[in-house]
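Undergrad: Have a look at this one before I ask anything.
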Amino acid sequence: MVFAQLTYRESLRDIEACLQSRSARAYHMGISGRVTRTNLAYANEHRDWRVFAEVASVLMRRARRLYADTPFELGLEADLFALDATLIELSLSLFPWARWQKEQASVKLNVLLDLRDDIPVFASLHEGNRHEVASLDDIPLYPDSYYTIDRGYLDFARLHRLHTAGVFFVTRLKAGICFYVSESRPVDATVGLRCDQTIKLNSRKGRQDYPDPLRRVSYVDPETGQALVFLTNSFEIGALLIAQIYRRRWGIELFWRWIKQHLRLRGFFSQSPNGVRVQIWSALCAYLLVAIAKQNKHLEPSLYEILQVVSVSSLEQIPLGELLVNTDTRDTHVDIPNQLEINYS
């Protein structure tokens, strides 16, 4: 299944044809048996997707260790993560078990992304009708780290769980939230800041769910003119840095775009719930394998370039570093002592 992701196979029959045509090469990859469409279909139905999810978790931990020396984002002396979810749309006629809204079907992929190097550190997969805020109960909590999350995750009871665990969060404040201002600090209006306040929730449920003070930062983007109001539990860093942290949340949108464009997350090889989950987890494994290879081999090309090279060389017994070396021999004299010279006289 990872081979299918790395080489852009379109169907199980496509996988079968490719591997059978290079059976000797496939043997050296560890595929000793004959791969058939029937066997692949049976495995998609019966091989538990949790195995693939656990492999992805192992790869996430390995990738995070490899990228541990990457400089911190925005000058922060702490890790910066983005939490978001994306819908992977399905055909309702082919996947009736994934009904989401009336005539729509989908599954929802939640990811906690390390923004220093775009490496997922947590992922979960659920039906499309599960609200993304529930993923706040599942994500790992790293004390003294910053989590930038969309306002769709605004649940004060769950955010207070992050706060008590020593995690800093930055999100946007929804309209209609009752609060009162207990302190205001001066701001530099020339950079787009409008206010920097300490607030406390004023409603009965708000006081019950989040009894501690919060920080409210109002900001107008100088480029777009859009007015944004941020909510955070961090009081130590500057107000402008709060806005910059939330802007970095765009990194996870680029991550979604990358994996949907370059991996097999549109056409599915199976119509069963298990098969769909297997394919999505395989896609994450493929992404992580490429990211691990890039860091482990100190490769300069981008993940996209590495993926393109791997897609046409996945069965070759050539070190990845050699595949990515650009050697220009047009003007280079190659001295081979055993080669005879041609006399044109």
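Only the coordinates and a few stated rules stand behind these numbers; no lab work does. Remember, it's a predicted structure, so these values are computed and weren't measured experimentally. Reconstructed Cβ throughout: ideal geometry from the backbone, glycine too, with neighbour counts over all protein chains shown.
Undergrad: At a Cα cut-off below 16 Å, give the aspartates and glutamates reachable from Lys205, other chains included and same-chain residues fewer than 8 away excluded.
TA: Lys205 reaches Asp155.
Undergrad: Between Thr164 and Ser124, what is the label-to-label distance in nm when each label sits 7 Å out along the Cα-to-Cβ direction?
TA: Simple spin-label model gives 1.8 nm for this pair.
Undergrad: Any chance you could tell me what percent of the C-alpha pair distances in region 135-275 go past 17 Å? All intermediate terms of the calculation are to be shown ahead of the outcome.
TA: Details: 6461 of 9870 pairs.
The calculated P(r) of region 135-275 puts 65 percent of pairs beyond 17 Å.
Undergrad: Reachable lysines from Lys108, Cα under 27 Å, same-chain residues fewer than 8 places away excluded?
TA: Straight-line reach from Lys108, under 27 Å: Lys174, Lys260.
Undergrad: Just grab the label-to-label distance for Leu303 and Val229, each label 7 Å out from Cα along the Cβ direction, in nm (one decimal).
TA: 3.5 nm
Undergrad: Now, a different point. With a point put 7 Å past each Cα toward its Cβ, work out how far Tyr180 is from Gln20 in nm, to one decimal.
TA: Reported label-point gap for Tyr180 and Gln20 is 7.6 nm.
Undergrad: Please give the length that would be gained between Ser32 and Ser203 if that part of the chain were fully extended, namely 0.36 nm times their separation in residues minus their C-alpha to C-alpha distance (nm, one decimal). Let's see the in-between values first.
TA: On the way: separation 171, 0.36 × 171 = 61.56 nm, distance 6.48 nm.
That works out to 55.1 nm of additional length.
Undergrad: When the gyration tensor of the chain is built from Cα positions, what are the square roots of 5 times its three eigenvalues, in whole Å, from largest to smallest? The partial results should precede the final answer.
TA: On the way: eigenvalues 415, 164, 51 Å².
Here the semi-axes work out to 46, 29, 16 Å.
Undergrad: Then there is this: On full extension of the chain, what length is gained from Val312 through Asp69, given 0.36 nm per residue of separation minus the C-alpha to C-alpha distance? Numbers along the way, then the final one.
TA: Values: separation 243, 0.36 × 243 = 87.48 nm, distance 3.12 nm.
So the extension gain works out to 84.4 nm.
Undergrad: In percent, what relative contact order does the chain have, based on Cα pairs under 8 Å that are 6 or more apart in sequence?
TA: Values: 523 pairs, mean separation 67.7, N = 345.
Across the chain, relative contact order equals 20 percent.
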